[in-house]
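Below is one structure, written out as structure tokens; the observations come after it.
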Ligand code: FES
Ligand code: FES
């Protein structure tokens, strides 16, 4: 087959930004249609394709939609306010209709038929029996036409594609990983950027913005692998490197000094904070005479409602790619608003907007102004500096901290019922501290001024839909307190929370059914119809609230709310209207609210894609329920607190209610936006349902269990559980035990004679059997563990050991002659091992376990010595000890040794097996297990009467290995053997930290010896009833939510058997059962990086995510929930 | 330079210099696979889920070195390698339209594959439970649950013939 001749039918328009081709059909019959809006994850691409395919009578698969490229798509403003279908789709529909008309014209000529008789279907023109596909019809033709705004469009009654459920066109590629999100774009020669943000996270006004950088110490990262450049401009600091990991590592290592920003105003109580800000009142509706009307009312109410700050919380942190291209840059972005971004970026780098192109790729779902635009400024600055494409991926923490928050809002309502029983006066004041989120790079570089500005966006749905003779509606415009902008439902959601709660309160005052009360005041028949039909379909149980239905501790209620989402500058444009009927179950003991069922009726005029509309309703319900019930951004003195989902939990499958929808069919009416409408009534409907269930009126979102618990308790005048007491800092008690390490520098004076330097024997003098045996002893004693510094050479010492007297460092065990054991004779080595005296005669720190090592038999001792002499010599000076006070331990040491040190070898116990005796030797001598697991007395000596009873070692907990406590855990010979071999005794314990290193080191020890150690250890265990393994019910609150969001996925996973889940249940955690919280705190803060040689798992560190106080609260929570049989930590 | 060898979607791969990288970094940045997504890097969201020897794993909290000698399956490896025929779970997600933005989709699909391998006919409650630790901000939960049910049905049908 020959190639078809090229051909093109194109519909264009001349717009301020240049000539834009809305729609093109080529010789293959494929259609490319362009729209200036973008797909925020809502499936708008599919809906637009449906509109084009409908008007053009061709299959959906032949339509390609290009969204949001500044070079080729029209500037139709930001994709906000759900107006893509309502407004931006219009020219596309016209263009498609016009193209269809043109095709019919071409066909009429070809068939020599009257144009009116030409029909179109399935991507082809038809006349009588003849038909021809669009492609061949266009081949060889070039037809360019200006968009005709008067062209007739199809009668909706004839729709075959619009109004039908259609699968998402982008879904198949997303399901196979073939789809390119912005995060997936890779360009040739692309480098990676990582930004370092100033300490004023999430703030955008004040004279410190753009002026807080003191200096960047480039030398601090010199020579780090992959470094390409460090870019600094104002407060913008970014690193460019070859790989993302290198860029991040360099950014984290880079020394940057900042001036500390001034504190935020106190963010609690939030209502006060908002009201204290300067604001400008804007009177929007002053129907009648409000003061007079209010005075005429026979019953009035004055109420205040508060909405908190929220995170948008896209699941994928923002990403952007920029390619400077010699001053004609292209930026790939997940932006909501390509054309506005184009202007911002042009300003950032001093270009005219048309010199810069923004190409839009899909990102993770976007529900408003998140960091998608900011990251493009970052990428562009970095690309300009290095003249290569640069990709910047924000971290989860950067996104959480810096995204402009969904703005908080304060609403004050005053109103009343007149003598007729009707709503008579309604005063409404709303404060919405937000702006449009100026691009962060513009602020950080000082390109724009950080003066506080407000955007007039607090007025969405600010006028209630009800008939009221006297109204005074005022919007108080104010600048953001922290970076804040629009988020799904914008100000209409909080405004409606207030309106629709207040109406419920008035209905209650009037003694009426809340739906009937509303209907009495609704004049618009279409709105009244929606309210009535929703109530009917949903099974609204009419009556006056609160009905207080109770069953045991559970209270049940139903709530109604309704709103029309009005967007755009006041008075704005109406999008779809939505009504909610929801059912809640309230646990009156815990205060938890379960949203069990939500029924949404929605009137959106013509429905383009019913599946898409339903998906939008579901998304709005689920997301907004989560915002209403639990979400809230909190702040420390400077910045927002949450850096991950840990401190800002969002909805999960566990909370998703049953959702029913009713789409009111109005095919003859224009399509209305549906992206946000169903969110708007959410908070009020839930508040009204809670009132119906409990009689408690919540006016401050979120409706957390602790808030409701407090209100319920106040209702019954019962006392609340006292708040947990703050964790006190742990004090040193006596001398803390150390693990076993030769630590130098404890003493100022030599106490013993020095043993002269002598060249150590050369390794060739030792037999391979001796060396193999030495390696086993070395492994059993885990010498390398204590004698290797973090990222230092193995066994070269330098690991800091915290002691009550200061910090000492382990010594270099390698045979380096100057700094290691290279000039130690065997005699010197043996004296150190058995008596704790260094070659030069100084005492080693007393906790060095020479009391254990003394029992190593001569053969093993010599083999160990030999083995050490074969290590690769490393020159490494032992750092000087940093002692707090000069300590002279001479007399103490002498007495101590006399009291506690018995260097005599172990005598075999003939009554026991050979394995037992061998095991005892390994455990007590080289293994020095007791050094950690046996508690010490006040003088730091092991307390023999409590051998292996468990002890704190610094901040670690070495759990009991003997007695009934070990028995209760289930320790027996096979469990010990498995643990010592693999670090994991199924169901009992998993090694971490120091112990995991020890187990890795025991890899050098043969199986028979491991079995022997297990045999001996098991003989010390006493039978006992197993641990209770019970979980307690802990009242829900911020910490239980933190646990569910940050810990549960690995520690109580919904699907067990995950490769990254914890191997031992928390009810068995020895750290949680330890006498002090330090071990739990340490592991939460530092995480776990288990040796790769063992089948163990890692745990991420939360030290950067959670502050000390939150970690301590989490530790206490774990103790209360997973070790309820033990006392709380003091 | 130390070398990491493992099986990825049925094929042997080798990567050097990956000792300090997470499995997610290796998959995305070294092997240029886009299925697994970066969402939090802390094991909280599930966007990065892959299968290691058939078990779900959060690749952002797993060091790549841990898959030495093991078999890793990503979203890209679910469809039949020759025909490209979608895995029944992928099909189920088309049937149920289980995505809005789809950023969470990888985690939902991979977790569903692991669930159905163990429990071919889960109840709605079991599906919700299994997916509990996978976050979706768009609120696609109901469509996702429906998709998993479609997937279970497709797998049962395929097993019948
Ligand atoms: S990215 Fe791995 S769990 Fe979130
Ligand atoms: S579909 Fe967007 S996060 Fe799930």
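Numbers at a glance
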read-out: Fraction of the pair-distance distribution of the range A:8-176 above 25 Å, Cα-Cα pairs, percent; value: 29 percent
read-out: Sorted peptide list for B:24-36, A:608-620, criterion being average Cβ within 10 angstrom, highest first; value: A:608-620, B:24-36
read-out: Computed over chain B: relative contact order in percent, which uses C-alpha pairs under 8 Å that are six or more apart; value: 23 percent
read-out: Other protein chain Cβ atoms within 10 Å, averaged over every residue that makes up B:31-38; value: 5
read-out: For the range A:187-333, the Rg and Dmax computed from alpha carbons only, in angstrom; value: 24.4, 79
read-out: Sorted peptide list for A:1095-1104, A:283-292, criterion being average Cβ within 10 angstrom, highest first; value: A:1095-1104, A:283-292
read-out: Inter-chain shielding of B:70-81 (mean C-beta neighbours from other protein chains, 10 Å cut-off); value: 2
read-out: Reference-scaled alpha-carbon Rg (2.2 N^0.38 Å with N residues) for the range A:909-1130; value: 1.03
read-out: DSSP-defined beta bridges in the range A:8-176 - what % are antiparallel, rounded to 5; value: 65 percent
read-out: Hull-based mean projected area of the range B:3-77, where the convex hull spans the alpha carbons, in square nanometres; value: 4.1 nm²
read-out: Theoretical ellipticity at 222 nm over chain B - DSSP helices of four or more residues, -39500 (n - 2.57) apiece, nearest 500; value: -9500 deg cm²/dmol
read-out: Quotient of C-alpha Rg and 2.2 N^0.38 Å, computed over the range A:283-400; value: 1.66
read-out: Viscosity 1.567 mPa s, temperature 4 °C, Stokes-Einstein D of the range A:503-612 from Kirkwood C-alpha radius, µm²/s; value: 83 µm²/s
read-out: Stokes-Einstein translational diffusion, chain B - Kirkwood Rh over all Cα pairs, 1.567 mPa s, 4 °C, in µm²/s; value: 81 µm²/s
read-out: Residue-span extension gain [residue A:1101 to residue A:272] - 0.36 nm each, minus C-alpha spacing; value: 294.8 nm
read-out: Exercise: per-residue mean of other protein chain Cβ atoms within 10 Å, B:55-67; value: 5
read-out: log₁₀ of I(q)/I(0) at q = 0.19, 0.20, 0.22 Å⁻¹ - the range A:572-673, Debye sum with one point per alpha carbon; value: -0.97, -1.02, -1.12
read-out: Distance in nm between pseudo-label sites at residue B:53 and residue A:211 (7 Å out along the Cβ direction from Cα); value: 6.1 nm
read-out: Ellipticity estimate at 222 nm from DSSP helix runs (n ≥ 4, -39,500 (n - 2.57)) divided over chain A, nearest 500; value: -8500 deg cm²/dmol
read-out: Helix A:372-386 axis, angle to chain A major axis (alpha carbon atoms, nearest 10°); value: 70 degrees
read-out: Projected-area mean, the range A:752-905, by convex hull of Cα positions, square nanometres; value: 9.1 nm²
read-out: The range B:88-160 - Kirkwood radius from inverse mean 1/r over Cα pairs (Å); value: 11.7 Å
read-out: Fewest-first sequence of A:980, A:423, A:187, A:254 by Cβ atoms within 10 Å of each Cβ; value: A:187, A:254, A:980, A:423
read-out: Whole-Å semi-axes of the protein assembly as shown's equivalent ellipsoid (Cα gyration tensor); value: 63, 37, 29
read-out: Linear extension gain, residue A:528 paired with residue A:112, 0.36 nm per residue minus alpha-carbon span; value: 144.4 nm
read-out: Nearest-0.05 FRET efficiency for residue A:64 and residue A:914, computed from C-beta distance (R0 60 Å); value: 0.15
read-out: With Cα atoms, 0 to 90° folded angle of helix A:890-900 axis to chain A main axis; value: 90 degrees
read-out: Linear extension gain, residue A:219 paired with residue A:304, 0.36 nm per residue minus alpha-carbon span; value: 25.1 nm
read-out: R0 of 60 Å, Cβ-Cβ distance residue A:1030-residue A:422: FRET efficiency to nearest 0.05; value: 0.55
read-out: Percent of beta bridges antiparallel (DSSP, the protein assembly as shown, rounded to nearest 5); value: 75 percent
read-out: Chain A: angle of helix A:705-715 to the longest principal axis, Cα-based, in degrees nearest 10; value: 80 degrees
read-out: Mean Cβ count within 10 Å, highest first, over the residues of peptides A:908-917, B:53-62, A:405-414; value: A:405-414, B:53-62, A:908-917
read-out: Compactness of the range A:179-225 as Cα Rg over 2.2 N^0.38 Å, two decimals; value: 1.72
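Quick note: the coordinates plus some simple rules give every number you see, no bench work behind them. Just so it is clear, the structure is predicted and the values come from calculations on it, not from any experiment. Don't worry about glycine lacking a Cβ; one is built from the backbone with ideal geometry, like all the others, and counts go over all protein chains shown.
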